[in-house]
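Peer 1: The following block contains the structure, expressed as structure tokens.
The values are calculated or read from the model by the stated rules, or taken from the named source; none is laboratory data. Every value quoted in this text rests on a predicted model; they were computed, and no experiment measured them. Cβ atoms come from the backbone with ideal geometry, glycine included; neighbour counts cover every protein chain shown. What goes into the accessible areas is simple: the full protein's heavy atoms, side chains included, and nothing from ligands, DNA or RNA. Shrake-Rupley method; radii C 1.70, N 1.55, O 1.52, S 1.80 Å.
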Amino acid sequence: QVLLVESGGGLVQPGGSLRLSCAAREIFFRYYDIHWYRQAPGKQRDLVASITPAGIENYVDSVKGRFTIARDNPTATAYLQMNNLKPEDTAVYYCKATWKGSTYWGQGTQVTVSS
């Protein structure tokens, strides 16, 4: 079992920035693909960004140029830097780790973009 703990969410004005963290208690963290998802009220959970063990990044079109995913393997932590936030980015953000067919989710962190 991999424990993932997200943090860094909060209330921010449009155009503002937040950095989410995903701390993993897992010595094999460096082998995992890490993903950030988000789920707005009444909507499905959607993939936002992913990063492979080699550091290859992928983003959904709606966040390209605004969000950056990163990982720090020695501290077993992943990040999602979110800039130029928009009201439509409001959602609960979840971290997911995948490796060898296993999938683990964090508990989520709320991001609210509002003036």
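Peer 1: Considering only residues of the stretch 67-100 that are closer than 22 Å to GLN1 by Cβ and aromatic (Phe, Trp, Tyr), which is least open to solvent (accessible area, probe 1.4 Å)? First the steps, then the outcome.
Peer 2: At the first step, the residues of the stretch 67-100 found to be closer than 22 Å to GLN1 by Cβ are 71-78, 92-100.
With aromatic (Phe, Trp, Tyr) added as a condition, the list becomes 93-94, 99.
Working: TYR93: 0, TYR94: 32, TRP99: 72 Å².
The extreme case among them is TYR93.
Peer 1: I'd like the residue in the stretch 16-32 that is open to solvent by 50 Å² or more (accessible area, probe 1.4 Å) and farther than 13 Å from VAL111 by Cβ and, out of all such residues, is modelled with the lowest pLDDT.
Peer 2: Taking the stretch 16-32 first, the residues open to solvent by 50 Å² or more (accessible area, probe 1.4 Å) are 17, 19, 25, 27-28, 30-31.
Now drop any that are not farther than 13 Å from VAL111 by Cβ, which leaves 25, 27-28, 30-31.
Details: ARG25: 87, ILE27: 80, PHE28: 88, ARG30: 92, TYR31: 93.
Per the stated criteria, the residue is ILE27.
Peer 1: Name every residue in the stretch 49-61 that is free of Cβ contacts under 8 Å to residues at least 12 places away in the same chain and outside any strand (DSSP E or B), in order of residue number. Steps first, answer last, please.
Peer 2: Of all residues in the stretch 49-61, those free of Cβ contacts under 8 Å to residues at least 12 places away in the same chain come to 54, 56, 58-59, 61.
Result: ALA54, ILE56, ASP61.
Peer 1: Could I ask something else about it? Which count do you get for residues in the stretch 38-61 that are closer than 17 Å to ALA24 by Cα and crowded, with 16+ Cβ neighbours inside 10 Å?
Peer 2: Within the stretch 38-61, residues that are closer than 17 Å to ALA24 by Cα and crowded, with 16+ Cβ neighbours inside 10 Å number 2.
Here's the yes/no breakdown for (1) over 9 Å from the mean Cα position of the chain (by Cα); (2) assigned to a strand (DSSP E or B):
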site	(1), (2)
ARG38	no, yes
LYS43	yes, no
GLY65	yes, no
ARG71	yes, yes
LEU80	no, yes
ASN84	yes, no
GLU88	yes, no
VAL92	yes, yes
GLN107	yes, no
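Peer 1: If LYS64 satisfies every condition in (1) open to solvent by less than 70 Å² (accessible area, probe 1.4 Å); (2) out of contact with any Cys (no Cβ under 7 Å at 6 or more places or on another chain) but one, which is the exception?
Peer 2: Just one mismatch for LYS64, condition (1).
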